[in-house]
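See structure below.
The values are calculated or read from the model by the stated rules, or taken from the named source; none is laboratory data. Every value quoted in this text rests on a predicted model; they were computed, and no experiment measured them. Note: ideal-geometry Cβ built from the backbone for every residue, glycine included; neighbour counts use all protein chains shown. Just so you know, the surface numbers come from the protein's heavy atoms only, side chains and all, with ligands and any DNA or RNA stripped out. Shrake-Rupley method; radii C 1.70, N 1.55, O 1.52, S 1.80 Å.
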Amino acid sequence: MEKRIAGLFCFMLIICAILIGKIAVIDTHEDYVSAARNHSTYKLTLAKTRGKIYDRNKNALAGDASCLKALIIPSSKVSAELLGRIPIEKYNSLEDQLKGSYPFVTDVSDGSCECDGVTVYRVPKRYPDHSLAVHLVGICGKNGGESGIERAYDNWLASAEGELSVTCRVSASGRSLDGADREITDTTRNSCRGVMLTIDSNIQNIAETAAAKYMERGAVVVTDIETGEILAMASLPSYNQNDIAAVLNDKRSPLINRAISTYNAGSVFKPVIAAAALENGLDPNEEYECSGFVRISDNIMGCIKHTQHGTVNLEKAISHSCNTYFINLSRRIGGDAIIEMAQKLGFGSETKLGQHYSSAAGILPDTSILTRPAELANLSFGQGRLMVTPIQIAGMTSAIARGGEYIEPYVVMGLTDEHMNIISQPYSPERHMAMSRTTARTLCSCMRTAVLDGTAKAGASDKISSAAKTGTAETGIIKNGKKINQAWYAGFFPYENPKYACVVLVENGTSGGVAAGPIFKEIAERISAPHR
């Protein structure tokens with residue numbers, strides 16, 4: 001009996017030794033220690049960040065805003081305190097979480113709710129509520145970039161991920177331990193890398209402000225004539241990037257970037273016809289008699305407002321937008337010459353605005369179609385199958401002002417490191433001579449006359465000299481018995497030493513001069529002001 005008891009005692013000692021050894025292993029082994037620690041902590045993410053989007057002056061267009069968030073430790077005392085510190089609607093929305101055990105984070109408008117159990121933090125926010133260039137910058141959703149630069153450069157921006165989080169000590173039930181330290185983890189500095197654009201925030205703001213003053217829907221593009229860089233790209237109507245749901249059913253389609261979308265061109269395309277004719281030997285002083293209309297087979301095509309311009313040369317034809325002059329011109333040079341010039345000026349193909357970002361290609365009619373007299377006549381004043389983008393019109397206007405050299409407009413300067421230094425290969429846009437300098441000078445002079453004494457007079461300013469071409473494009477759409485037209489104004493300034501090209505498109509505008517001219521004028525004056 002005693003031997004059995006002694007054996008059992010020894011057996012129990014062995015079991016205890018094994019258990020003590022196991023406990024020692026669990027207590028010291030890294031994996032077990034980490035698991036135990038995780039069971040006693042609760043991590044809350046205050047904000048997640050990604051690479052920033054900068055303008056040319058290193059001002060952040062996305063990734064540099066902030067907002068307030070409150071870390072709340074639920075308790076009956078906290079519930080009572082919050083009841084008088086936050087709006088009742090907000091309080092009701094938090095009621096279930098306040099009854100729970102686990103700490104949570106919520107947005108707040110100010111720091112007045114801070115008290116024992118509630119800590120307010122200022123945290124990064126992707127977009128301010130009143131952003132610039134929202135259509136160009138685009139939207140970033142839960143799954144990454146959804147539009148604009150956010151989408152085009154999603155991989156690079158996502159690679160600069162950062163996070164601001166707070167870790168609380170909690171009991172087994174999830175209740176935060178009173179007096180326990182909270183650990184803040186901040187890796188948002190990683191998100192200083194990003195994408196730098198050619199946009200100038202000051203000029204962008206001028207363009208957006210002027211556009212919003214005069215039109216409901218349309219686009220504005222401003223370029224640097226010397227470099228081809230896009231300094232402003234505005235699209236209306238705008239929207240709040242923090243509240244996309246508010247505009248999803250808006251019939252005005254505010255999410256569309258109209259600056260890179262296609263439209264009927266109208267007479268703003270006439271400089272292309274003129275350039276093709278001059279390059280093929282047209283004497284700009286040669287006169288033509290405008291009777292107000294031209295008969296094409298069974299169709300009668302008239303000048304704007306059925307005006308009979310009388311005797312016109314190229315200068316008067318451009319400045320007063322004489323359709324019959326250009327119909328006659330297109331017959332003489334043929335469709336092949338027009339299409340060739342249009343292609344040299346960037347029409348009919350995507351405009352590569354950056355390494356991964358492009359505008360729409362638009363439509364150039366096939367030369368075989370232009371053997372039909374009516375099709376060729378329509379093209380001669382920018383109608384028919386032709387479709388263009390505001391970016392393409394800006395490229396054409398810049399080339400004329402630059403002396404005939406076409407530089408493909410672009411908006412992405414490059415990728416940046418965390419110090420905002422460009423680290424990618426500098427973007428090199430397509431550039432070539434589209435027309436002779438003599439042709440370009442002639443067109444500049446004609447467009448100057450349009451501002452002084454023609455269809456572009458509404459955009460004239462006594463503060464800055466300019467040259468321009470207008471357009472009123474028929475869409476073929478009739479709404480409530482009214483024809484829907486697109487109004488264009490494409491010009492450059494100052495005339496004597498061109499620095500900026502500016503294109504304004506007004507959807508459903510009365511005419512290019514009346515609807516778009518005042519916008520061009522305000523933009524030109526404000527950009528050129530000594531202390532803008």
How far, in nm, would the chain grow between Ile363 and Thr167 when pulled straight, counting 0.36 nm per residue and subtracting the alpha carbon separation?
-> 64.9 nm
Quick one: with all protein chains in place, what share of the accessible area of the chain is carbon or sulfur, to the nearest percent (1.4 Å probe)?
-> 49 percent
Please give the length that would be gained between Lys90 and Thr475 if that part of the chain were fully extended, namely 0.36 nm times their separation in residues minus their C-alpha to C-alpha distance (nm, one decimal).
-> 133.8 nm
What whole-number value in Å² describes the accessible area per residue of region 164-314 for a 1.4 Å probe?
-> 45 Å²
Might you report the magnitude of the Cβ-based charge dipole of the chain about its Cα centre, with Lys and Arg at +1 and Asp and Glu at -1, to the nearest 20 debye?
-> 540 debye
How much FRET efficiency would the formula 1/(1 + (r/R0)^6) give for Thr307 and Arg332, where r is the Cβ-Cβ distance and R0 is 30 Å, rounded to 0.05?
-> 0.85
For Tyr54, which sequence-distant residues (separation of 5 or more, or a different chain) have an amide H within less than 5 Å of its own amide H, given hydrogens modelled in the peptide plane?
-> Leu61, Val195, Met196, Leu197
One finds the C-alpha centres of region 410-456 and region 346-383 to be spaced, in Å, by 19 Å
At 0.36 nm per residue, minus the direct Cα-Cα distance, what do Glu350 and Thr45 gain on full extension? Give it in nm, one decimal, please.
-> 105.7 nm
Determine which aspartates and glutamates satisfy two conditions relative to Lys483: a Cα distance under 16 Å, and not lying fewer than 8 residues away in the same chain.
-> Glu474, Glu507
Whole-number accessible area per residue in Å² for region 434-492, which is evaluated in the context of all protein chains at 1.4 Å | 44 Å²
To the nearest 20 debye, what is the magnitude of the charge dipole of region 260-361 about its Cα centre, counting +1 on the Cβ of each Lys and Arg and -1 on the Cβ of each Asp and Glu?
-> 280 debye
From the Cα gyration tensor of region 378-532, with a ≥ b ≥ c the square roots of its eigenvalues, which class applies: rounded if a/c is under 1.5, or else prolate if a/b is larger than b/c, or else oblate?
-> prolate
Which of [x] 66, 24, 20; [y] 61, 35, 24; [z] 43, 28, 23 gives semi-axes √(5λ) of the Cα gyration tensor in Å as computed here? It is [x]
Shape of region 296-336, Cα gyration tensor, a/c cut at 1.5 = oblate
To the nearest 0.05, the calculated FRET efficiency linking Ile422 and Ala529 through their beta-carbon distance, R0 being 30 Å, is 0.50
At a Förster radius of 56 Å, what calculated FRET efficiency corresponds to the Cβ-Cβ distance of Ala158 and Asn280, to the nearest 0.05?
-> 0.65
Name the residues whose placed amide hydrogens come within less than 5 Å of the amide hydrogen of Thr475, ignoring near sequence neighbours (fewer than 5 apart) on the same chain.
-> Ile484, Gln486
Of the candidates Val514, His419, Gly403, the farthest towards the positive dipole end of the chain (Lys/Arg Cβ +1, Asp/Glu Cβ -1, centred on the Cα centre) is Val514
Tell me which lysines have Cα within less than 19 Å of Lys90's Cα, excluding those fewer than 8 residues away on the same chain?
-> Lys69, Lys77, Lys99
Based on Cβ point charges of +1 for Lys and Arg and -1 for Asp and Glu, what charge dipole magnitude is obtained for region 58-116 about its Cα centre, in debye rounded to the nearest 20?
-> 80 debye
Taking only DSSP H segments of four or more residues, each worth -39500 (n - 2.57), what value at 222 nm results for the chain once the sum is divided by all its residues, to the nearest 500 deg cm²/dmol?
-> -9500 deg cm²/dmol
Which ³J(HN,Hα) values, rounded to whole Hz and listed in residue order, are derived for region 243-260 from phi using the Karplus coefficients 6.51, -1.76 and 1.60 in 6.51 cos²θ - 1.76 cosθ + 1.60 with θ = phi - 60°, glycine and proline given as x?
-> 9, 5, 4, 5, 10, 4, 9, 6, 5, 7, 6, x, 7, 6, 8, 5, 5, 10
Near-label residues of region 234-271 by backbone N, under 15 Å of a point 7 Å along Cα→Cβ of Asp107 | 240-247
Take Val514, project a point 7 Å from its Cα along the Cβ direction, then tell me which residues of region 285-317 have their backbone nitrogen under 18 Å from it.
-> 303-308
